[in-house]
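The values are calculated or read from the model by the stated rules, or taken from the named source; none is laboratory data. These numbers were taken from a predicted model, which means no experiment stands behind them. Every residue, glycine among them, receives a Cβ derived from its backbone with ideal geometry; neighbour counts consider all protein chains shown.
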Ligand SMILES: [Zn+2]
């Protein structure tokens with residue numbers, strides 16, 4: 001399997017990385033600028049009190065290697081931004097995006113759909129008791145077919161403002177990683193794009209058609 005980048009090693013990235021490892025991924029690149037904080041521990045199960053103040057990428061790599069000794073894990077302690085994203089993801093064929101930054105999701109989408117070599121990316125988000133994920137594939141719709149652009153900053157809730165439920169991010173992170181693995185293995189129909197939502201009433205699947213004037217069609 002190819003090298004997969006996990007952008008964001010928090011509530012979504014931790015269960016996503018674990019699920020990727022369970023699914024056979026052995027080459028990861030963990031990317032996150034932050035250190036472990038006490039408030040993370042209830043939902044970011046890779047980390048314990050002894051990790052507080054340590055870079056998340058280091059603590060997560062250490063946790064994964066305790067269970068999967070042969071894993072090849074690269075760590076990059078920095079924020080993934082549009083500038084330099086190509087270099088940051090050099091050598092990766094797929095990305096799991098699980099930050100709480102709406103702009104980052106569009107940057108990863110654009111990295112995935114750029115021609116001539118379109119790549120696979122799963123974009124996940126969670127807030128409160130709800131979460132969602134969407135997988136960009138070479139022949140399907142992309143994140144911009146669904147959401148043309150990030151919402152204005154003033155409309156964005158963050159985990160620190162709205163809170164996020166531990167089981168919700170655990171579920172969404174694991175489901176997102178499973179979707180990415182299916183896409184990479186050709187087990188999902190790459191043309192059948194869908195937004196998968198997790199909420200208090202269960203799972204909801206909404207089919208997404210490619211938008212004719214979207215970046216991904218050019
Ligand atoms: Zn598109």
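Quick grid of which residues meet (1) within 13 Å of the ligand (Cβ to nearest atom); (2) surrounded by 16 or more Cβ atoms within 10 Å (Cβ to Cβ); (3) within 13 Å of residue 23 (Cα to Cα):
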| residue | (1), (2), (3) |
| --- | --- |
| 174 | no, yes, yes |
| 183 | no, yes, yes |
| 198 | no, yes, no |
| 212 | yes, no, no |
| 216 | yes, yes, no |
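Go through the stretch 37-154 and tell me which helices (runs of 4 or more DSSP H), entirely inside it, have 1 or more residues that are within 16 Å of the ligand (Cβ to nearest atom).
102-113, 143-146
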Within the stretch 1-16, of all residues that are at pLDDT 95 or above and closer than 15 Å to residue 184 by Cβ, the one surrounded by the most Cβ atoms within 10 Å (Cβ to Cβ) is 16
Go through the residues of the stretch 81-89 one by one and say whether even a single one is in contact with a strand residue (DSSP E or B) (Cβ under 9 Å, 6 or more places away or on another chain), at pLDDT 95 or above and surrounded by 15 or more Cβ atoms within 10 Å (Cβ to Cβ).
-> yes
